[in-house]
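Participant: The structure under discussion is supplied below as structure tokens; questions concerning it will follow.
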Number of protein chains: 2
Amino acid sequence: MRDPDALPDALPDARPAAEIEIPELPADALPEIDAARLWDRHMAMAKIGARPVGGVHRLALDADDIAAHRQLADWALARGFSVALDPVGNMFLRREGADPGAAPVVSGSHCDSQPTGGRFDGIYGVLCALEAMETAEDRGIVTRRPLECVIWVNEEGSRFRPGCMGSEVYAGLLGLNAALAKVGDDGGILGDGVADLRAALPEAGARALGTPFHALLEAHIEQGPLLEAGGELIGVVDRVQGHRRLAISVIGREDHSGGAPLSLRKDAFVDAIEVCRGLADLCRDPSDVLRFTFGRFTVTPNAVSVVPGRVDMILDLRHPSQDELTRLGDLVAAEAAGFAKLCDVGVEDTSWHAPVRFSASVQAAYGRAADRRGYARRGIDSGGGHDARWFPGRWPTGMLFIPCEAGISHNPAENVDPAHAAAGAQVMADVMLELAMT
Amino acid sequence: MRDPDALPDALPDARPAAEIEIPELPADALPEIDAARLWDRHMAMAKIGARPVGGVHRLALDADDIAAHRQLADWALARGFSVALDPVGNMFLRREGADPGAAPVVSGSHCDSQPTGGRFDGIYGVLCALEAMETAEDRGIVTRRPLECVIWVNEEGSRFRPGCMGSEVYAGLLGLNAALAKVGDDGGILGDGVADLRAALPEAGARALGTPFHALLEAHIEQGPLLEAGGELIGVVDRVQGHRRLAISVIGREDHSGGAPLSLRKDAFVDAIEVCRGLADLCRDPSDVLRFTFGRFTVTPNAVSVVPGRVDMILDLRHPSQDELTRLGDLVAAEAAGFAKLCDVGVEDTSWHAPVRFSASVQAAYGRAADRRGYARRGIDSGGGHDARWFPGRWPTGMLFIPCEAGISHNPAENVDPAHAAAGAQVMADVMLELAMT
């Protein structure tokens, strides 16, 4: 059991699980998915929690998120698949294999969204996995291992923090009770949301946390521009970059904005700007690998006639190298105060996730499948955190990306080409079948 | 009738009303105020809407603001003074004169506060005026003109915008119905608040808007550091500096903070910082007269994992010269977009108040009174806007300041030396009596 926001001593680069052999199946054993069904389901899901400006608003375990779970379960039950919930609210849709005792091949992602989320983030990976299971069902293919579609609960962390919570609990890295007790921004309790979800799914059986997988796969939109720029349909994800967040506070003094001459102020905003610029210079990376964001920046009291007395901001640093995150983050903590001219500056690490590397054999299987289908592909690193990040140390794990329009995500304008969606789902279906045969 | 936020064509420097002669009274006709009573009343008022961290929270016409009005009316009624309300909720406490038909000598300020307001802003001017009336009452002094203490409604503009609203309506510069229809941040309507105030003051008579004053006086804490720095007890206010606000928006694109490489982002926060720094350079004033504040700065969506798509900020410019406000504000509008590297920038004037100059004869009377009492004094400009600003073109008007600790205001730490409070009240009482005798 580990504090999800523990500092790096607790988070060495994950040591990967033992590799597995993934036999290549002949082309005629690998059926084509139903691209129209896949797309229609995306459009149906986009109606649940749809926003007038576009995109969706489905915060973890709110009414729309539960409705999305219900819709997915209905599609699964209609095909004779079973539905199960684990104690933290992860949902598993299962197509039985010839050997029900064999560890399942599991693929999926999440169906919750950011407050101003798009129509593909998360749900794409869920619908790819379901499509693979339905394609097998359409053709009456008997796999040795069960095929499962997993819907991890609370990936976004928009309502209950931190994100990727359901998968973290399943992986044994966060305690169940700690998760169930989380209080959301709206005052709701995660455990109550899980009870609501269970009530909405009376058909669901029980799944024990940590029940082993043969392999864990996840398809996702890239949320970045590289595939589109390179013209590739498939990104085979090598690593999830590491991720370190620092909370920086700048403390000045509130004054009347008409009464106080500039020479006598201690304006927290003016110094905060200097801190931001200084840190940006410090973290400049000509190779454009480092990702550096001030996403949250809050001025107090934020009133037009008051000189700001305090600014709080979160610096979000992402890099594939743990060493670089250590060096840069430590530099920020050491140097930030020096950029302020008058105010006091505090810096605190709030979360730190080491980079992880995915299974080489799964990556190879994705690559082979893409090549067989004639889809251009490339290796890629993941900028965002994903549920799959918790599992490489336990079971063979791998992600694949498809392009999204202009790289835009966490945005109502998030968009995907239907042909790209189909290509990723096809590769996912091919590899799930290959994994399920042995 | 004028839009309160009208642009400068409608706001030439105010042409002052005709000067009046203010006869100097002999020292034995000018009684000493009761400094202990004055201070005790400040402490009593500070309990109404007191905050645990210090200071007060009395937003215009909320329950605490109405309780403050009620307390002031109780003190007045106990001395036989009358209470009246005008249609917008300005309250007048009146000590009758020998000639009830003569225009009254009016002094006062406001009792509402900023959300994190101090114990002296506004209420000091009210209690000075009441103390002058009680001092006259204590000594049985019969003045020719009535003495009045005015409590202007909604000076701060923290709940209903804009501020200085009650005085603006009284001065005929904002329509009554426009004011009564204002909707506050909490959804409350100003007219409903006025009805609540009237219900809490059944003894109150009616006062017609615009009923003439012989003169309007206002005492206030400086809200700046000059008097303290110079060791003066009294600031005789020459001008209220002009005040121009510009709303600046920086429009970029939301992206995933892990997925989007820096080279491909359109980060509204990064450009907003450049805009702020560029404008700060543009407005640099070695003479330290210009006041330049970004008090409100709002990032959208303000989420740790989303590259900011939009920043909205208010630039607050204050200067005693209308020409300088015109030059600088126009420069801001013309240059702001040039400081952004990638994002679109919009600039809009949101309010503009011309500088005003107070009555020379009232300033002279304050100066004489301070000199007679042996209080060090200086001429000073007002940084903040005050209710008195609307009246110099109608009736002789003048403000006086006392020091506040370290110049801090709009802050729970706002503080005043009791001896300074007494000095200002004494000068106010002396000048009110001088004005009321002819």
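The values are calculated or read from the model by the stated rules, or taken from the named source; none is laboratory data. For clarity, every value in this text was computed on a predicted model and none was experimentally measured. Note that we place each Cβ from the backbone using ideal geometry, even for glycine, and neighbour counts take in every protein chain shown.
Participant: B:Ala247 - would you say it is part of a strand (DSSP E or B) and not assigned by TED's automatic domain parsing to the domain that holds B:Val106?
Facilitator: Yes, satisfied.
Participant: Quick check on my filter: what residues within the range A:295-325 are assigned to a helix (DSSP H, G or I) and either within 7 Å of chain B (Cβ to nearest Cβ) or hydrophobic (A, V, I, L, M, F, W, C) (or both)?
Facilitator: Residue satisfying the conditions is A:Leu325 alone.
Participant: In the range A:222-262, which residue that is acidic (Asp, Glu) and within 21 Å of the chain's Cα centre (by Cα) is farthest from the other protein chains (Cβ to nearest Cβ)?
Facilitator: A:Asp238
Participant: In the list B:Arg296, B:Arg291, B:Arg265, B:Arg318, which residue meets the criterion of being over 33 Å from the mean Cα position of the chain (by Cα) and surrounded by 20 or more Cβ atoms within 10 Å (Cβ to Cβ)?
Facilitator: B:Arg265
Participant: Within the range B:13-54, restricting attention to residues that are at pLDDT below 95 and under 20 Å from the mean Cα position of the chain (by Cα), which residue is surrounded by the fewest Cβ atoms within 10 Å (Cβ to Cβ)?
Facilitator: Going through the qualifying residues, I end up with B:Asp13.
Participant: Considering only strands (runs of 3 or more DSSP E) fully contained in the range A:326-415, which possess at least 2 residues that are surrounded by fewer than 19 Cβ atoms within 10 Å (Cβ to Cβ) and either polar (S, T, N, Q) or modelled with pLDDT of 95 or more (or both)?
Facilitator: Ranges flagged: A:344-353, A:377-382.
Participant: Among what's in the range B:183-199 and is β-branched (Val, Ile, Thr) and closer than 13 Å to B:Gly89 by Cβ, pick the residue that is surrounded by the most Cβ atoms within 10 Å (Cβ to Cβ).
Facilitator: B:Val194
Participant: Related question: Name the residue, out of B:Leu176, B:Leu180, that is buried (at least 18 other Cβ atoms within 10 Å of the Cβ) and at pLDDT 95 or above.
Facilitator: B:Leu180
Every residue, every condition in (1) touching a residue at least 24 places away in the same chain (Cβ under 8 Å); (2) closer than 30 Å to B:Gly407 by Cα, yes or no:
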site: B:Gly172; (1), (2): yes, no
site: B:Ala181; (1), (2): no, no
site: B:Ala195; (1), (2): no, no
site: B:Glu203; (1), (2): yes, no
site: B:Arg207; (1), (2): yes, no
site: B:Leu216; (1), (2): yes, yes
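Participant: If you scan the range A:199-257, which residues turn out to be among the small types (Gly, Ala, Ser) and under 30 Å from A:Phe297 (Cβ atoms)?
Facilitator: Within the range A:199-257, A:Gly224, A:Ala229, A:Gly242, A:Ala247, A:Ser249, A:Gly252, A:Ser257 meet the criteria.
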